[in-house]
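The values are calculated or read from the model by the stated rules, or taken from the named source; none is laboratory data. Treat the numbers as computed from the prediction; the structure is a model and nothing was measured. Glycine also receives a Cβ, built like all others from the backbone with ideal geometry; neighbour counts cover every protein chain displayed. All accessible areas refer to the heavy atoms of the entire protein, side chains included, with ligands and DNA or RNA removed. Shrake-Rupley method; radii C 1.70, N 1.55, O 1.52, S 1.80 Å.
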Amino acid sequence: MDDDYYYSQSSNDEDAGDDDDDDGYDDLFDDPPCDEDSSTNSFEYTVITEKSLLTMQMEDLQKIIEFLSLSESSARILLIHNRWDVTRILELFDRKGKEQLFLEAGLVLDDNNNNNNNNDSSFSALSQITCNVCFDDFSKDEFSIMSCGHYYCNNCWTEHFIVKINNGASRRISCITPKCNAICDEAIVRKLVAKKCPDVVCRFDRFLLESYVEDNNKVKWCPSTPHCGNAICVEDDHPCCEVECSCGLLFCFNCLSEAHSPCSCKMWELWSQKCKDESENINWIMVNTKPCPKCRKNVVKNGGCNHVRCICGQCFCWLCGNATGVGHTYDTIDGHSCGRYDDDKIKHIERAKRDLYRYTHYHNRYESHAKSLKEEINLYETIEELINDSKSEDTHFKSFRWALDGLNQLKRARGVLSYSYPFAFYMFGRELFIDDMRPEESLMKKNLFEDQQQQLECQVENLSMHLGKTFHLLSDKELSETSQHVTNLSSIVNRLCKEMYKCIENDLLLPFRKNHSIAPYMSNALRKKR
């Protein structure tokens, strides 16, 4: 079963397996001991493949079956109701008792089933029974009775089951009887539906299998497109984290969008929408164009005097926007005196200008680092070729493992830098926290953050420069010096990333953690078993 799992630990985890040197990616560097903080919380997650999904589901089912002496169907009903949380079921069992636990889940206790036993007796004594749904008479062999004691003809049960399955409610199909919350036995559902619609039974079984993901707070599908079929299970209660699927997709476990730390999910949602919608286009139009007073089309002034002609032929004054005649000089327009000043309109335009320039500043830097990251990822192929060609080399600097480790660190840090600009845009802007921080407090925190951002940016560019060298053209001395530079810079960049996260969580977002938690920083490159 271990072959189906894919594990990843944070930088603070102990070395999990003492992997061999040829086992994929090595750990980056052993950094100096540092104080534990929330920005480097350790967590573990598992990639669940299609093969291992049933195995993991059966493990949890077996725990409940053994502890409560239940059938597989009853154990599944209990687990689905409690979001596949075995620990929660055990806690509720101790706190509420077995009867209340079963009642809330829609299960019927066998030892408190006197009414049902009476129904069973009366049901068995009858030769012809009238169904209370279709009101037709059938022999008792054409009826099915559920654990709650209610019985109806097989035709009505079958139609009820098929409708529920087709409507996507197959994981918890309740009894037909109004106000009865009992959940129908999956074995009866499967038996009756198979006679009429075998394909629906396959869908039913698939829904029950996928309930381990759909109804589980700790498991989510990988959002890859096209879907790889894998799911991610976070072992501890750590919904705000970034995980990597075995298909290679790195994403935020909380919001299922691309990994965006140090942005909170709310910040990233706003930034993504802002980059997609027309808000900044509208700002640009407001700042750089004026509407024609006749046709109302927006006109761009391309130089010259303030007498502007629209493509519809209408002339107007650029300063005030009013229609004018054709006659004009460079300084004046015939029959037009523009001396009016609209204070509100000017303030509105000035605000739009500031917002546009501010957004452009942060967006350009965000895009610049994102583009650099894409270019630097192309270095992986070159470095892996160098590693394969130098396997027989004994010296460290000729093995080029340092280059791969450095590139892993560069990739992580470049991503942090790119997403730090959307974070700063909302952290120090008017959209989210304008009422929560005084202007002087916001300015002080902005200066603190930008100092750390600039330090990280400087060292990341240095690391990128050294990794971008043409290694096979360097002498042994130059190659040795380059390996030392890359190793040292990688350690420095790693430390600066940690410090930035610590600043964000402890100095900037501490009062807003409830709505703006961020994923912990992963010091080490994500480890992949090959």
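Can you give me the C-alpha center-to-center distance between the stretch 382-454 and the stretch 138-193, rounded to a whole angstrom?
57 Å
Among the lysines, which have Cα under 18 Å from the Cα of LYS353 when same-chain residues fewer than 8 positions away are ignored?
LYS274, LYS290, LYS301, LYS345
Kindly provide the trypsin sites (Lys or Arg not before Pro) of the stretch 470-514 that DSSP labels as loop, not H, G, I, E or B, and whose Cβ sees at most 11 other Cβ atoms within 10 Å.
LYS514
At 1.4 Å probe size, with the rest of the protein present, what percent of the exposed accessible area of the stretch 157-284 is carbon and sulfur atoms?
Ligands and nucleic acids excluded, carbon and sulfur reach 53 percent.
With the cut-off at 1.5 for a/c, could you classify the stretch 417-493 from its C-alpha gyration tensor as rounded, prolate or oblate?
Here the stretch 417-493 falls in the prolate category.
Loop only per DSSP, at most 12 neighbouring Cβ atoms within 10 Å: give me the GluC sites (Glu not before Pro) in the stretch 194-250, ordered by residue number.
Listed in order of number, the matching sites are GLU235.
Report ³J(HN,Hα) in whole Hz for each residue of the stretch 420-430, in order, from the Karplus equation J = 6.51 cos²θ - 1.76 cosθ + 1.60 where θ = phi - 60°; Gly and Pro get x.
5, 6, x, 4, 5, 4, 8, 5, 10, x, 9
So which lysines pass the test for LYS477, namely a Cα distance under 26 Å, with those fewer than 8 places away in the same chain ruled out?
LYS391, LYS398, LYS469
What FRET efficiency, computed as 1/(1 + (r/R0)^6) with R0 = 35 Å and r the Cβ-Cβ distance, is obtained for HIS348 and THR225, rounded to the nearest 0.05?
So the FRET efficiency works out to roughly 0.25.
Please give the length that would be gained between THR332 and GLU384 if that part of the chain were fully extended, namely 0.36 nm times their separation in residues minus their C-alpha to C-alpha distance (nm, one decimal).
11.8 nm
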